Amino acid sequence: MGVLLRAARQLGQQRIFDSSGPALWASLREELEAFMQRLRDAGALAGATPAQAFAVRCDRTTMTQADL
């Protein structure tokens, strides 16, 4: 869990001044999915498929109106 939190924090710090919106959210989701896939490839996550091993959401469903 610590590895994931550090990776997400680092990714967020790299994008701190980017405009929030669907394009940024999609980019963050893609980068986090790639990171999670690397963890799965290394054996850190169980699951026969990526969908069974992890899910990444970065969209309006994970934020409040104040966040937007």
FRET E, pair residue 65, residue 16, Förster distance 22 Å, beta-carbon r, rounded to 0.05: 0.60
Given charges at Cβ of Lys, Arg, Asp, Glu: the chain dipole, positive-most of 2, 17, 27: 2
The stretch 7-68, relative contact order in percent, only Cα pairs under 8 angstrom and at least six apart counted: 33
1.4 Å probe accessible area per residue over the chain, in Å²: 74
Whole-percent carbon and sulfur share, accessible surface of the chain, 1.4 Å: 55
Length gained when the stretch residue 9-residue 52 is fully extended (0.36 nm per residue, less Cα-Cα span): 13.1 nm
Rounded if a/c under 1.5, otherwise prolate or oblate - the stretch 4-50, Cα gyration tensor axes: oblate
Summed side-chain charge close to residue 56 - residues other than residue 56 whose Cβ falls under 11 Å, Lys, Arg +1, Asp, Glu -1: -2
Net charge, residue 15 excluded, C-beta distance under 13 Å - Lys, Arg +1, Asp, Glu -1: -1
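The values are calculated or read from the model by the stated rules, or taken from the named source; none is laboratory data. In this text the structure is predicted, and so the values were computed from the model without any measurement. Note that we place each Cβ from the backbone using ideal geometry, even for glycine, and neighbour counts take in every protein chain shown. Accessible surface is based on the protein model in full, side chains and every heavy atom, while ligands, DNA and RNA are left aside. Shrake-Rupley method; radii C 1.70, N 1.55, O 1.52, S 1.80 Å.
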